[in-house]
Amino acid sequence: MERIANAGNGGLVAELAAVIVENKAWLSEIDGKIGDGDHGVNMAKGFGRTAERLEGGESLAEALSVLSDVLMSEIGGSMGPLYGMMFSGMAEAIEGAEEIDAEDFGAMLQAGLDEVRDIGSAEPGDKTLLDAYVPAVDAYGKALAAGSGMSAALEAMCAAAEAGRDATIDMVAKVGRAARLGERSRGVQDAGATSCALILCALAKGTASRLSDA
Amino acid sequence: MPPRSSSGSARGADAGAGVPLRFGDDLLLWASWLYYEEGMTQSDIARIIGVSRASVISYLADARTRGIVNISIETNRLRALSVARSLSEHFGLKDCLVIPSTGGERPLVESLGAAGAQALRALFRSGDTIGVGWGRSVLAAAKALSTEALQDIRVVQVTGSTSAHVPYTPAACATAMAAAIGAECIPLSAPAIVSTPELRDLLCRESPVREQLACLAELNRIVLGIASMRPSSTLHASGLLKDGPMFRDAYAGAVGEIAGHFVDARGLPVSGPLEARMIGITLEDLARVPQRIAIAGGVDKVPAILAALRGGHANVLVTDAATGAGILHAEGLSVPQVRPGQETVAGLPVRTRVKKFLNAPDEAVDEALEGAVADYAGFLRPVRGSNRALVALDGPRPGKVGVVIGGGAGHDPCFLGYVGRGMADAVAIGNVFASPPPGPILDATRAADGGAGVLHLFGNYSGDVMNFEMAAEMADSGGIAVRTLVTTDDVASAGERQARRGVAGNVLVFKAAGAAADRMLPLVEVAALARKANDRSYTIGVALEPCSLPETQRPLFAIGAGEMEVGVGIHGEPGVARQALENADDTADLVVDRILTAMDPKQGDEVALLLNSLGATPLMELHIIGRRVRQRLKARGVVVARSWAGHYCTSLDMVGMSVTMMHLDAELKGLLDHPCHTPAFRVAPVATG
């Protein structure tokens, strides 16, 4: 059965951070169209600081905890608490586990989603990061149920996150700053959904590259 | 991962832009103008109008076949334009509209009425007190005019009534004008000319007439006809001038009549037996009206109009090209030659990198805080070594409710400028445009606590709400009672109060809450007063240029050269609507209209007025806006009891302003007057003794 080890795989979070830092300008540009244009800057600050603080030997759960702490306590804004809670949920779900198999990974995804929904007030369709996250979790679960292996399910998850992100283009924002724009928010993709898709795809890719089958 | 190009976002805001007023709803004319006059490409036109390029090509073809694009019409139009320009320049007119002389398929008076209506629609403003004279052109203009966009207007009849059975009497003209624009009509309940000077004086002392005449001193605009003295003129038909040798001799030197007064060729008044018996506006009062619009045309009126212009009795003229040319000719000026050609205006280069005084952009907030904490060392200090949580030196004290404010950086002097005695006790500061995390908020809360609980006050943004909520929970579990009030004064952002953003109205809410706490009121009452202050605050912002973040030094979004962003927030978010750039008065009107609609004040109510720069707009422009805001409030009968102008809640270097009004009552006024001493807001104690 496909799985990854928890111990020693904190590097996955460093890869995640690298993807966010790399896309800093793009995220800010998207945010500037209907938001305040600081999404990339704040995300890069939080993820970048996390990367600096990781020493290299952390488990995946420990590294996710560091990421959560930095986001929660140093970043502020709305993304600080939202992503902070998401990664805290994920870390908690796999804390103490030796290995993470397909089912554990699904539980981890779900735990992150639960935390985001708990602290935020958005529903799917409101043009937020949920519109990337919710379909991604669904797609992952459905792929497994249909008998796919973990790596195939991870690919499905990433594809669904990106499709969900693109679907926000035609949505009208219902929460957050863009909500004040009403119809004018249509036609621009949501920055939160964009960063969420980046995160989920980096997570999928990093996990798939670490899979062992024994 | 590269950004996906999306066809959906390409049309963007331009597509929604309306047709500029000068084109009415005529897309063919607009397209033709952009193509032939502005020299734009078909693709540019398609983008501006918001249609496909194919549609533009068919518009242009249609315009040619339907004769909209036609050399002879163009020449005629240009000629009218050059006559108008010459008249304006020579007589120092504020505005002049000259319609092409058409050659007669439509009576001149009707064309003048239509043109007059067009001019009046552009000139009239909400809150105006408009005098209306009499005559065929004035009545035709009133009849052609129709608008529902104006509020709080009074129309005043400026000449007494006449008995003649003509449709264009002074009373009929004023009534028709008032009906056309939905104004209150103030008649002049007396004859234009009475039998004796004694009777005139008696009548003018009667209270209805006296009150009506008093309104004449308050006119800010007047619409007038100009009558010629020729025997067949409307003046004779009107009953104003009785035929008879005595009158003819007395007024032999007069060439025209304006607002009931006879003037000679130089525009000077001609005295005769009628002046002492006339009831209506005096020439002195007329001269004091800032905008005096004459609508008159016809070659027979050239001497009369010329006299009115020479005498300065009118400073806006609506006439036709033949009459205009006649006036210029009579004045010894040549009618300007038509020279078709393009005046090109060089566009400013687009700002791609905004210059800023920075070292390392990432350090901008911390470096600014380091400076601010030193600058304001007499007011505040860091709570625990970090400048992200600051506490007032003279604020928190035992038994006093602590007031904690906070939010992102980039809004200076919001928020730290309001920390000090009588306002906020402590502040938490985040990164640029991003809420502080819970840590500094908790530090500020602990520092502000005097055992009576703490009020959290911040703008309604999801990030601030989440972070303050977490900090409040932590403070609560540490034994500090916390109440929260989110400010929601931005009228543009949502219909419902609780969904609105918090913008510059913040400052007045901080002031009221800080005063309540300084009076040692309990937490429940401080929170209730803060809520009341917020519920009665209304703000609208308008931006002309976007702001730029320290990290990017690029404009956050684009506002076109001829556009402005209405309902803009304080984070550089685009506003609620993009529209054509307006002048200061029209912009102020737009803002006042929306605020008054939301506030719905009664006659005699008081407001506090906060004129706020969003960063780069200078005080001079705020005062210009404020001037108009006050005119409108006066017209509505609302009193500006307190006012401030300056940088109070900004959005980095955004060019723009916001207007906040707090609907006052005695309690709120008392809270605003309570002394406070902070870096950015001070109210001196009233001297006693």
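Highest average first, the peptides B:312-323, B:384-395 ordered by how many other beta carbon atoms sit within 10 Å of their residues are B:312-323, B:384-395. Legend: mean number of C-beta atoms from other chains within 10 angstrom of residue C-beta atoms, peptide B:428-441, equals 6. Using the Cβ of B:Gly385 as centre and a radius below 15 Å, the other residues enclosed give a net charge of +1, where K and R count +1 and D and E count -1. The Rg/Rh ratio of chain B, with both radii computed over alpha carbons and Rh defined as the Kirkwood radius, is 1.07. In the protein assembly as shown, taking the dipole from charged Cβ atoms about the Cα centre, the farthest positive-side position among B:Ala428, B:Pro187, B:Gly39 is held by B:Pro187. For segment B:353-397, applying the loop criterion from DSSP together with a ceiling of 16 other beta carbons within 10 Å to the chymotrypsin sites (Phe, Trp or Tyr not before Pro) yields B:Phe357.
For the pair B:Lys602 and B:Asn220, label points projected 7 Å from Cα toward Cβ lie 2.5 nm apart.
When +1 charges are put on Lys and Arg Cβ atoms and -1 charges on Asp and Glu Cβ atoms, the dipole computed for the protein assembly as shown relative to its Cα centre reaches about 3960 debye. Taking the alpha-carbon centroid of each part, what is the distance from segment A:69-108 to segment B:532-567 in angstrom? Between the Cα centres of segment A:69-108 and segment B:532-567 lies a distance of 36 Å. At an R0 of 22 angstrom, the distance between the Cβ atoms of B:Glu110 and B:Glu89 translates into a FRET efficiency of 0.15. With all protein chains kept in place, the per residue accessible area of segment A:60-214 amounts to 36 square angstrom at a probe of 1.4 angstrom.
The amide H of B:Gly402, built 1.01 Å from its N in the peptide plane, has B:Gly450, B:Ala452, B:Gly453, B:Val454, B:Leu455 as neighbours under 5 Å, considering only residues 5 or more places off or on other chains. Over segment B:361-683, average the accessible area per residue using a 1.4 Å probe and give it in Å², no decimals. Ligands and nucleic acids excluded, the result is 33 Å² per residue. For chain B, the longest principal axis of the alpha carbon atoms and the long axis of helix B:321-330 meet at an angle near 70°. Averaged over peptide A:181-190, the number of partner chain Cβ atoms lying within 10 Å of each residue's Cβ comes to 4.
Could you work out the Kirkwood radius for chain A, taking every pair of different alpha carbons, averaging 1/r and inverting it, reported in Å? The Cα-based Kirkwood calculation yields 16.9 Å. Computed over the protein assembly as shown, the P(r) curve from all C-alpha pair distances, binned at 10 Å from the origin, holds 2, 11, 17, 18, 16, 13, 10, 7, 4, 2, 1, 0, 0 percent per bin. Largest GNM mean-square fluctuation across A:Pro124, A:Pro135, A:Pro81, computed for chain A with C-alpha springs under 10 Å, falls on A:Pro124. When Lys and Arg each count +1 and Asp and Glu each count -1, what net charge do the other residues less than 11 Å away from B:Ala180, Cβ to Cβ, add up to? Taking every Cβ under 11 Å from that of B:Ala180, the sum is +1. Relative contact order of chain B, taken over Cα pairs closer than 8 Å and 6 or more residues apart, is 10 percent.
Measuring against 18 Å, Cα to Cα, the residue pairs B:Lys532/B:Lys669; A:Lys24/B:Lys355; A:Lys33/B:Lys356; A:Lys24/A:Lys174; B:Lys143/B:Lys634 contain A:Lys24/B:Lys355; A:Lys33/B:Lys356; A:Lys24/A:Lys174; B:Lys143/B:Lys634 as the ones spanning a longer distance.
Farthest toward the positive end of the dipole of segment A:1-127, out of A:Ala44, A:Tyr83, A:Ile100, is the Cα of A:Ala44, where the dipole comes from beta carbon charges about the Cα centre. Burial of accessible area (probe 1.4 Å, heavy atoms of protein chains only) in segment A:65-95, relative to its chain alone, reaches at least 20 Å² for A:Met72, A:Ser73, A:Ile75, A:Gly76, A:Gly77, A:Ser78, A:Pro81. Note that segment A:98-107 has calculated 3J(HN,Hα) couplings of 7, 10, 10, 9, 4, 5, 4, 4, x, 5 Hz, one per residue in order, obtained from phi through the Karplus relation 6.51 cos²θ - 1.76 cosθ + 1.60 (θ = phi - 60°); glycine and proline are x. For segment B:589-602, backbone phi angles converted through the Karplus equation (6.51, -1.76, 1.60; θ = phi - 60°) give residue-by-residue couplings of 4, 4, 5, 5, 3, 5, 5, 5, 4, 6, 7, 6, x, 9 Hz, Gly and Pro being listed as x.
An oblate overall shape is assigned to segment B:361-683, the ratio a/c of its alpha-carbon gyration tensor axes (a ≥ b ≥ c) being 1.5 or greater and a/b not exceeding b/c. Distant-in-sequence amide contacts of B:Ser651, defined by a placed amide H-H separation under 5 Å and a gap of 5 or more residues or a different chain, comprise B:Gly615. The H on the amide N of B:Gln151, modeled in the peptide plane, is under 5 Å from the matching H of B:Ser126, B:Gly127, each at least 5 residues off or on a different chain.
Ranked by the mean number of other Cβ atoms within 10 Å of their residues, highest first, the peptides B:680-686, B:457-463 come out as B:457-463, B:680-686. For the protein assembly as shown, the share of DSSP beta bridges that are antiparallel, to the nearest 5, is 50%. Summing both sides, the accessible surface hidden between B and A at a 1.4 Å probe radius is close to 2900 Å². Around the Cα centre of segment A:30-70, unit charges on the Cβ atoms of Lys, Arg, Asp and Glu (plus for the first two, minus for the last two) sum to a dipole of about 140 debye. For segment A:56-67, 3J(HN,Hα) computed residue by residue from phi via the Karplus equation (6.51, -1.76, 1.60; θ = phi - 60°) reads x, x, 5, 6, 4, 4, 5, 5, 5, 5, 4, 4 Hz, glycine and proline entered as x. Taken residue by residue and averaged, Cβ atoms of other chains lying within 10 Å of the Cβ of B:460-470 number 6.
List residues of segment A:180-214, by number, whose backbone nitrogen lies under 12 Å from a label position 7 Å along Cα→C-beta of A:Glu99. Residues passing the 12 Å test: A:211-214. When a 1.4 Å probe is rolled over the protein heavy atoms, the share of accessible surface on segment B:361-683 that falls to carbon and sulfur comes to 52 percent.
The values are calculated or read from the model by the stated rules, or taken from the named source; none is laboratory data. All values reported here derive from a predicted model rather than from experimental measurement. Glycine also receives a Cβ, built like all others from the backbone with ideal geometry; neighbour counts cover every protein chain displayed. These accessible areas exclude ligands, DNA and RNA; they are computed on the full protein's heavy atoms, side chains included. Shrake-Rupley method; radii C 1.70, N 1.55, O 1.52, S 1.80 Å.
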